[in-house]
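The values are calculated or read from the model by the stated rules, or taken from the named source; none is laboratory data. Every value quoted in this text rests on a predicted model; they were computed, and no experiment measured them. Cβ placement follows ideal geometry from the backbone for every residue including glycine, while neighbour counts extend to all protein chains displayed. What goes into the accessible areas is simple: the full protein's heavy atoms, side chains included, and nothing from ligands, DNA or RNA. Shrake-Rupley method; radii C 1.70, N 1.55, O 1.52, S 1.80 Å.
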Amino acid sequence: MRIVVLAGGIGGARFLRGLKQAAPDAEITVVGNTGDDIHLFGLKVCPDLDTVMYTLGGGINEEQGWGRTDESFTVKEELAAYGVGPEWFGLGDRDFATHIVRTQMLAAGYPLSAVTEALCARWQPGVRLLPMSDDRVETHVAIEVDGERRAVHFQEYWVKLRASVDAKAVVPVGAEAAKPAPGVLEAVAEADVILFPPSNPVVSVGTILAVPGIREAVAAAGAPVVGLSPIVGDAPVRGMADKVLAAVGVESTAAAVALHYGTGLLDGWLVDTVDAGAVADVEAAGIPCRAVPLMMTDADATAAMARAALALAEEVRG
Ligand code: FO1
């Protein structure tokens, strides 16, 4: 079975771990969000690709959900001693090595997809990890401070500001001119199942779908497309997804997120059992919907979620 997953960072990575357990023989292609990428200290940092790679490769800091296990911060401290920041973004020594290798390979002319493949040769994540695009796309968030509107990089909004101010707009800068990375459209076209994990629907899955050609390919795919709600009981399972959902005029409910993706994309939707009341609304909109436990509390619970998504895909397969 060929499964394609459009994934963001922590939520996507943890779901993928469950999916691998649920479908050990499946050929899984992950299309990773690169809109969160940021250039720091002259280095290209790809948080979501790295989170997937480290999580599936056994190198993730489990408590944080991002960055390396057994990490130290000597380089960051030395940079700070020179007055060189930003100090608000926690790049550890082990993690730095990944960004150095990536930046060096990019400077030598390799595209991000080839660089990601090279990094994965070390981590052996057990999935084919493709960036959504080899072209630069950077998500910016429009905010208003003291009556003045300005745009900040997504990481500044998420990590420095902790989404403490309202997001007025979310813009994947460069997306309109970006091309899907090699292999992305082929994987989508050849998939038996396409999954939207409980990743952020705006800045993760939404950014991937903003690359021209990807949304169209998913909509046209012969495979059933099943999503899992990142909202449980009207609040994001983790992160601050409600802030960016509000920016695109979508309520933070499991049903509203399903309708945001819409019948043009989704063939099935899973909500948590606490949101069982939303099933009828989602089905009334034409999207088959089931209520199952959606908290990724441990590997077995996450594998059960993945099995439920695959079962719904089989049920709705035309
Ligand atoms: N998240 C934080 O909350 N604080 C950090 O300092 C931070 C650093 C960081 C470094 C590398 C990396 O791969 C991820 C990092 N993240 C950090 C996570 C990241 O900001 C976001 O959670 C994702 O971009 C959202 O998917």
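Could you count how many residues in region 126-172 are of a type in the set (A, V, I, L, M, F, W, C) and part of a strand (DSSP E or B)? If you could, list the steps in order and put the result at the bottom.
First, pick out the residues of region 126-172 that are of a type in the set (A, V, I, L, M, F, W, C): 127, 129-130, 132, 137, 141-143, 145, 151-152, 154, 158-159, 161, 163, 165, 167, 169-171.
Checking the rest, the ones that are also part of a strand (DSSP E or B) come to 129-130, 141-143, 145, 151-152, 169-171.
So the count comes out to 11.
Of the numbered conditions (1) free of Cβ contacts under 8 Å to residues at least 40 places away in the same chain; (2) under 27 Å from VAL170 (Cβ atoms); (3) not in a loop (DSSP other than H, G, I, E, B), LYS76 satisfies every one except a single condition; which is it?
Exception for LYS76: condition (2).
Which of the numbered conditions does GLU62 fail, given that it passes all the others? Conditions: (1) open to solvent by less than 50 Å² (accessible area, probe 1.4 Å); (2) more than 11 Å from the ligand (Cβ to nearest atom); (3) closer than 14 Å to GLY11 by Cα.
(1)
Looking at region 117-138, can you tell me whether even one residue there is among the aliphatic types (A, V, I, L, M), open to solvent by 30 Å² or more (accessible area, probe 1.4 Å) and farther than 23 Å from GLY65 by Cα?
First, pick out the residues of region 117-138 that are among the aliphatic types (A, V, I, L, M): 118-119, 121, 127, 129-130, 132, 137.
Narrowing the set further to residues that are open to solvent by 30 Å² or more (accessible area, probe 1.4 Å) leaves 118, 121.
This time we only want the ones that are farther than 23 Å from GLY65 by Cα, so: none.
Checking region 117-138: not a single residue is among the aliphatic types (A, V, I, L, M), open to solvent by 30 Å² or more (accessible area, probe 1.4 Å) and farther than 23 Å from GLY65 by Cα.
Listed residues ALA177, ALA191; which is of a type in the set (Gly, Ala, Ser), farther than 28 Å from GLY90 by Cα, buried (at least 23 other Cβ atoms within 10 Å of the Cβ) and in contact (Cβ under 8 Å) with a residue 12 or more places away in the chain?
Numbers: ALA177 fails: buried (at least 23 other Cβ atoms within 10 Å of the Cβ).
After applying the criteria, what remains is ALA191.
Specify the residue that is least open to solvent (accessible area, probe 1.4 Å); the eligible residues are those in region 72-101 that are out of contact with any helix residue (DSSP H, G or I) (no Cβ under 8 Å at 6 or more places or on another chain), more than 13 Å from the ligand (Cβ to nearest atom) and among the small types (Gly, Ala, Ser).
ALA80
When you check GLU283 against the structure, is it modelled with pLDDT of 95 or more, open to solvent by 50 Å² or more (accessible area, probe 1.4 Å) and touching a strand residue (DSSP E or B) at 6+ places or on another chain (Cβ under 7 Å), yes or no? Quick ask: steps written out before the conclusion?
Values: modelled with pLDDT of 95 or more: yes; open to solvent by 50 Å² or more (accessible area, probe 1.4 Å): yes; touching a strand residue (DSSP E or B) at 6+ places or on another chain (Cβ under 7 Å): yes.
So GLU283 fits the description; yes.
Hey, among VAL84, VAL52, VAL4, VAL31, which residue is among the hydrophobic types (A, V, I, L, M, F, W, C) and more than 22 Å from the chain's Cα centre (by Cα)?
On the way: VAL52 fails: more than 22 Å from the chain's Cα centre (by Cα); VAL4 fails: more than 22 Å from the chain's Cα centre (by Cα); VAL31 fails: more than 22 Å from the chain's Cα centre (by Cα).
So the residue among VAL84, VAL52, VAL4, VAL31 that is among the hydrophobic types (A, V, I, L, M, F, W, C) and more than 22 Å from the chain's Cα centre (by Cα) is VAL84.
I need the full set of residues from region 223-254 which are under 21 Å from PHE15 (Cβ atoms), of a type in the set (A, V, I, L, M) and surrounded by fewer than 24 Cβ atoms within 10 Å (Cβ to Cβ), in order please.
Within region 223-254, the subset under 21 Å from PHE15 (Cβ atoms) is 223-242, 244-245, 250, 252-254.
From what's left, of a type in the set (A, V, I, L, M): 223, 225-226, 228, 231-232, 235, 237, 240-241, 244-245, 250, 254.
ALA223, VAL232, ALA235, VAL237, MET240, VAL250 - these are the residues of region 223-254 that are under 21 Å from PHE15 (Cβ atoms), of a type in the set (A, V, I, L, M) and surrounded by fewer than 24 Cβ atoms within 10 Å (Cβ to Cβ).
Within region 139-169, restricting attention to residues that are farther than 25 Å from ARG94 by Cα and of a type in the set (Lys, Arg), which residue is least open to solvent (accessible area, probe 1.4 Å)?
Only one residue tops the list, namely LYS168.
Listed here are the residues, each with its yes/no results for (1) of a type in the set (Lys, Arg); (2) buried (at least 24 other Cβ atoms within 10 Å of the Cβ); (3) out of contact with any helix residue (DSSP H, G or I) (no Cβ under 6 Å at 6 or more places or on another chain).
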| position | (1), (2), (3) |
| --- | --- |
| VAL184 | no, yes, yes |
| LEU195 | no, yes, no |
| ASN200 | no, yes, no |
| SER204 | no, yes, yes |
| THR207 | no, yes, yes |
| GLU216 | no, no, yes |
| ALA221 | no, no, no |
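Which one is most open to solvent (accessible area, probe 1.4 Å), of the residues in region 10-34 that are assigned to a loop (DSSP other than H, G, I, E, B) and out of contact with any strand residue (DSSP E or B) (no Cβ under 9 Å at 6 or more places or on another chain)? Write out each step before concluding.
Taking region 10-34 as the starting set, the residues that turn out to be assigned to a loop (DSSP other than H, G, I, E, B) are 23-26, 33-34.
Still in the running and out of contact with any strand residue (DSSP E or B) (no Cβ under 9 Å at 6 or more places or on another chain): 24-25.
Details: PRO24: 97, ASP25: 144 Å².
Applying the filter and picking the extreme gives ASP25.
Evaluate the following for GLY67: is it at pLDDT 95 or above, open to solvent by 50 Å² or more (accessible area, probe 1.4 Å) and on the phi > 0 side of the Ramachandran plot?
Working: at pLDDT 95 or above: yes; open to solvent by 50 Å² or more (accessible area, probe 1.4 Å): no; on the phi > 0 side of the Ramachandran plot: yes.
Taking the combined requirement at face value, the residue does not satisfy it.
If I ask for residues that are more than 22 Å from THR139 (Cβ to Cβ) and of a type in the set (S, T, N, Q), which ones from region 32-71 would you list?
Once the filter is applied, which keeps residues that are more than 22 Å from THR139 (Cβ to Cβ) and of a type in the set (S, T, N, Q), region 32-71 yields ASN61, THR69.
Identify, by number, the condition in (1) over 13 Å from ILE231 (Cα atoms); (2) touching a Leu at 6+ places or on another chain (Cβ under 6 Å) that THR302 doesn't meet.
So the condition that THR302 fails would be (2).
From the set of residues in region 193-244 that are among the hydroxyl-bearing types (Ser, Thr, Tyr) and within 16 Å of the ligand (Cβ to nearest atom), which is farthest from the chain's Cα centre (by Cα)?
Step one: of region 193-244, the residues among the hydroxyl-bearing types (Ser, Thr, Tyr) are 199, 204, 207, 229.
Right, trim to within 16 Å of the ligand (Cβ to nearest atom) and you get 199, 204, 207.
Working: SER199: 5, SER204: 4, THR207: 9 Å.
The extreme case among them is THR207.
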